[in-house]
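Here is the structure we will look at.
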Amino acid sequence: MAKRAAVIFAFVVLVAASCGVIPGTSSGAKIGVVTDIGQLEDKSFNEYSWLGAQDGAKAIGAPAPQVIVTKDTADYAANIQQFIDQKYDVIVTIGFLIGTDTLKKAQANPNIQFFGVDQFVADPAPKNYQGLIFVEAQAGYLAGIVAANITKTNKIGAVGGRSDVPPVVNYIKGYQNAAKKENSSIQVAVNYVEDFNAPDKGQASAQTMINNGADVIFQVAGLTGAGALRAACTAKIWGIGVDVDQYNSLPDAKNCIVTSAEKHLQNAVRDALKRWKDKGAQGGNFVNDATNGGIGVSPIRNITPPAGLQAKIDKAIADMKAGTLDPLK
Amino acid sequence: MRQRIARRLSAAWRTASIPVLSTALALVVAGVVVIASSAFTGNGFQPLLPVGAYLQLFVGAFGSTTAIGNTLVAAAPLMLGGLAVGLGFKAGLFNIGVAGQFLAGAFAAAVVGASLATSTGIVAVPTAFVAGALAGAALGFIPGFLKARTGAHEVVTTIMLNNAIGFLLTWGVTDLVRAPGFSFPRTGDLGNSALPILLGRNLHIGVPIAFLAIFVIRWLLERTTVGFQIRTVGANPNAARYAGMSPLLVITFTMALSGLLAGMAGAVQMLGVIGFYASGISANVGFDSIAVALLGRSNPIGILFAALLFGAFRAGAPLMQITTSVPVEVIDIIEALVILFLAAELIVRRVFRIRAARAVPEEIATVTRTWGEQVAR
């Protein structure tokens with residue numbers, strides 16, 4: 001009995017040892033993605049960044065990328081390290097919370113390229129770590145154009161997560177400015193709930209705006225915002241999503257989401273990989289904006305777009321590209 | 001001599017057989033899920049995929065010194081958390097509040113640690129660690145005291161406290177102790193308060209502390225009067241009271257000690273791995289600890305092995321994902337199945353043809369006990 005156990009154990013160790021060394025024989029670059037908490041198919045940051053990595057790998061002729069889905073924030077460093085140990089050439093990490101560990105690993109591994117989706121890399125930045133950031137104000141501006149053109153009551157609203165988180169404020173400023181520019185008599189109600197995880201508060205906040213006559217609500221508040229969109233659906237008015245096309249990611253609110261102010265995560269990651277292939281190590285921050293297709297609005301859903309809306313959106317994008325339109329003014 | 005060893009081994013097997021066989025059965029069933037999910041997602045029918053996946057899981061967990069280090073580091077907070085839950089089971093208490101106590105411990109350790117970042121390590125590390133442990137103990141004391149004083153069921157109070165503490169700490173980190181210079185609310189860097197690395201890349205001093213805790217709690221439960229009181233109260237509070245013990249005191253003490261262990265788990269994870277507190281950090285350890293305690297049959301040595309198993313799953317999962325593209329969720333499935341089979345012992349006994357146990361294990365009894373029962377006053 002003991003002998004048999006020993007033989008089995010020896011066999012397992014042998015097989016394990018032989019599998020432990022994964023040969024890096026493939027000629028192309030090895031690309032690894034470490035996701036943020038949650039699941040891979042989240043119809044949000046994880047999924048679109050992952051799709052971008054797949055597109056990027058294809059574009060630069062690299063083998064299919066691999067992914068490690070993070071289940072616990074304590075695993076960030078270990079998950080990144082796993083790719084380092086397996087001699088990966090490019091590691092993409094997703095979300096701001098993993099940024100701290102990404103920076104540390106980038107400093108310790110100068111020969112590996114790191115990209116951080118939605119991570120702002122502060123100076124002094126390592127030459128091999130690039131944050132992929134987005135100009136939220138431009139996306140918010142486009143959402144504002146849509147809102148101003150579909151409102152019947154001339155009152156629209158925006159529910160923000162926290163007033164001290166710059167991306168949130170920028171989204172909403174762009175939204176406000178666009179609406180005012182489209183229609184100077186429009187009233188824009190803005191409320192910062194100061195909480196990203198309170199759907200009930202988001203719902204209450206949106207409900208107040210609706211009671212005051214608002215018929216379009218833009219949410220920039222994570223889970224809180226999901227509550228705001230729910231209020232919009234219940235009241236049979238329109239909601240505008242944020243970051244990704246929430247028509248897909250929030251099936252609950254599917255029937256009232258008109259559009260979403262989008263960060264084009266998939267393009268951003270794909271283009272980052274191309275930049276790395278063409279120009280070598282990438283550092284600092286890469287700003288994704290209208291000039292490089294980094295931001296936009298989702299297709300109009302649920303309603304027939306008013307005549308000329310698409311033209312207005314296209315014109316705004318063109319002006320942003322040309323640098324003649326500042327969404328923060 | 002030989003006979004004695006044989007007798008002890010067979011006694012150990014009697015306790016361990018169901019957990020071990022439940023795990024084996026869970027691996028088999030999860031393997032079927034792996035094959036099915038691969039077939040249904042267009043990756044084709046690969047009957048050997050589970051074998052490859054488990055092999056990579058094993059290599060990722062034990063295949064190198066680094067891998068073993070990762071396993072131990074992942075297991076350390078689970079050992080402490082498992083002890084926290086297991087200790088509660090011994091006294092007939094179901095502490096679901098380990099998640100909250102874990103976060104409280106992590107938060108306190110992070111705040112104290114960051115404030116001592118530039119002090120010498122010999123002062124900073126123990127102070128931050130003790131702060132975390134005490135925060136957990138304080139949070140564990142509340143439901144214990146409430147139960148002893150008012151009879152409020154600890155399952156209800158600890159679940160509610162989990163939510164309360166989560167929101168309280170989010171407020172704390174955003175408005176009270178937010179460190180400047182970061183783009184999101186978090187505590188400052190730990191500096192010298194980080195747990196010293198003993199071996200390799202990440203094997204920190206929290207690992208031996210967790211091992212030590214296993215043996216201290218085992219000693220406490222089996223060799224001290226306090227331990228005897230805890231077990232007696234767990235077995236029968238009325239009898240304990242009749243024997244001159246104070247169940248109320250024992251319950252309060254046990255919950256506080258359970259919270260202390262959970263707080264230590266938080267401190268170990270914070271000072272050894274995470275490094276800063278931010279709203280959104282995971283408290284999975286809190287819930288995995290319940291599974292660990294159940295799998296370990298509330299026995300400290302059992303908890304040690306259960307924590308190592310769960311730690312190995314955690315440490316091995318990344319390599320499994322990279323090399324076989326099997327999704328990490330299979331680990332969740334395995335862990336859930338283990339608990340399912342433990343609770344539905346009959347299935348395991350049928351499959352492996354084992355005779356029925358004489359009594360229901362105490363932790364299963366605690367978990368499934370109705371809430372109507374009142375502790376004697």
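The values are calculated or read from the model by the stated rules, or taken from the named source; none is laboratory data. The shown structure was predicted, so the numbers you read here are calculated from the model rather than taken from an experiment. A quick note on method: Cβ atoms are made from the backbone with ideal geometry, for glycine too, and the neighbour counts reach across all protein chains shown.
Listed values, structure above:
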{"item": "Output for region B:13-45, where each listed residue is surrounded by 13 or more Cβ atoms within 10 Å (Cβ to Cβ) and among the small types (Gly, Ala, Ser)", "result": "B:Ala16, B:Ser17, B:Ser22, B:Ala24, B:Ala26, B:Ala30, B:Gly31, B:Ser37, B:Ser38, B:Ala39"}
{"item": "Selection from region A:65-91 of residues that are part of a loop (DSSP other than H, G, I, E, B) and facing chain B (nearest Cβ under 9 Å)", "result": "A:Val69, A:Thr70, A:Lys71, A:Asp72, A:Gln86, A:Tyr88"}
{"item": "Residue match in region A:297-307 (condition: at pLDDT 90 or above and in a helix (DSSP H, G or I))", "result": "no"}
{"item": "Those residues of region A:223-258 which are in contact (Cβ under 8 Å) with a residue 60 or more places away in the chain and either closer than 24 Å to A:Asn211 by Cβ or assigned by TED's automatic domain parsing to the domain that holds A:Ile94 (or both), in sequence order", "result": "A:Thr224, A:Gly225, A:Ala228, A:Trp238, A:Ile240, A:Val242, A:Val258"}
{"item": "Qualifying helices (runs of 4 or more DSSP H) (wholly inside region B:250-359; at least 3 residues being among the hydrophobic types (A, V, I, L, M, F, W, C), more than 9 Å from every other protein chain (Cβ to nearest Cβ) and surrounded by fewer than 24 Cβ atoms within 10 Å (Cβ to Cβ))", "result": "B:300-324, B:329-343, B:345-352"}
{"item": "Within region B:162-199, tally of residues that are assigned to a helix (DSSP H, G or I) and not hydrophobic (A, V, I, L, M, F, W, C)", "result": "10"}
{"item": "Qualifying residue in region B:3-10 (condition: among the aliphatic types (A, V, I, L, M), away from chain A (no Cβ under 14 Å) and either buried (at least 16 other Cβ atoms within 10 Å of the Cβ) or under 23 Å from B:Ala307 (Cα atoms) (or both))", "result": "no"}
{"item": "Residue among B:Ala124, B:Ala135, B:Ala148 that is surrounded by fewer than 24 Cβ atoms within 10 Å (Cβ to Cβ), under 25 Å from B:Ser298 (Cβ atoms) and touching a residue at least 40 places away in the same chain (Cβ under 8 Å)", "result": "B:Ala148"}
{"item": "One residue from A:Ile240, A:Ile317, A:Ile313 being aliphatic (A, V, I, L, M) and not in a helix (DSSP H, G or I)", "result": "A:Ile240"}
{"item": "Members of region A:304-327 that are among the aliphatic types (A, V, I, L, M) and surrounded by 13 or more Cβ atoms within 10 Å (Cβ to Cβ)", "result": "A:Leu309, A:Ile313, A:Ala316, A:Ile317, A:Met320, A:Leu325"}
{"item": "Test for B:Leu212: is it closer than 29 Å to B:Thr65 by Cα and crowded, with 22+ Cβ neighbours inside 10 Å", "result": "no"}
{"item": "Residue match in region A:163-170 (condition: surrounded by 24 or more Cβ atoms within 10 Å (Cβ to Cβ), touching an Asp or Glu at 6+ places or on another chain (Cβ under 9 Å) and of a type in the set (Ser, Thr, Tyr))", "result": "no"}
{"item": "Unmet requirement for B:Pro77, which otherwise passes all of (1) of a type outside the set (Val, Ile, Thr); (2) within 14 Å of chain A (Cβ to nearest Cβ); (3) not in a helix (DSSP H, G or I)", "result": "(3)"}
{"item": "Residues satisfying the stated conditions in region A:171-196, i.e. surrounded by 19 or more Cβ atoms within 10 Å (Cβ to Cβ) and within 14 Å of another protein chain (Cβ to nearest Cβ)", "result": "A:Tyr192, A:Val193, A:Asp195, A:Phe196"}
{"item": "Scan of region B:129-161 for residues that are among the small types (Gly, Ala, Ser) and outside any helix (DSSP H, G or I), ordered by number", "result": "B:Gly151, B:Ala152"}
{"item": "Leading residue by the ranking (farthest from the chain's Cα centre (by Cα)) among those in region A:254-270 that are among the polar types (S, T, N, Q) and surrounded by 24 or more Cβ atoms within 10 Å (Cβ to Cβ)", "result": "A:Thr259"}
{"item": "Within region A:259-288, tally of residues that are touching a Phe, Trp or Tyr at 6+ places or on another chain (Cβ under 7 Å) and in a loop (DSSP other than H, G, I, E, B)", "result": "2"}
{"item": "Number of the condition not met by A:Thr102 [criteria: (1) touching a Pro at 6+ places or on another chain (Cβ under 8 Å); (2) closer than 24 Å to A:Gln282 by Cβ; (3) among the polar types (S, T, N, Q)]", "result": "(1)"}
{"item": "Residues being crowded, with 17+ Cβ neighbours inside 10 Å, assigned to a loop (DSSP other than H, G, I, E, B) and more than 14 Å from chain B (Cβ to nearest Cβ) - total across region A:112-129", "result": "3"}
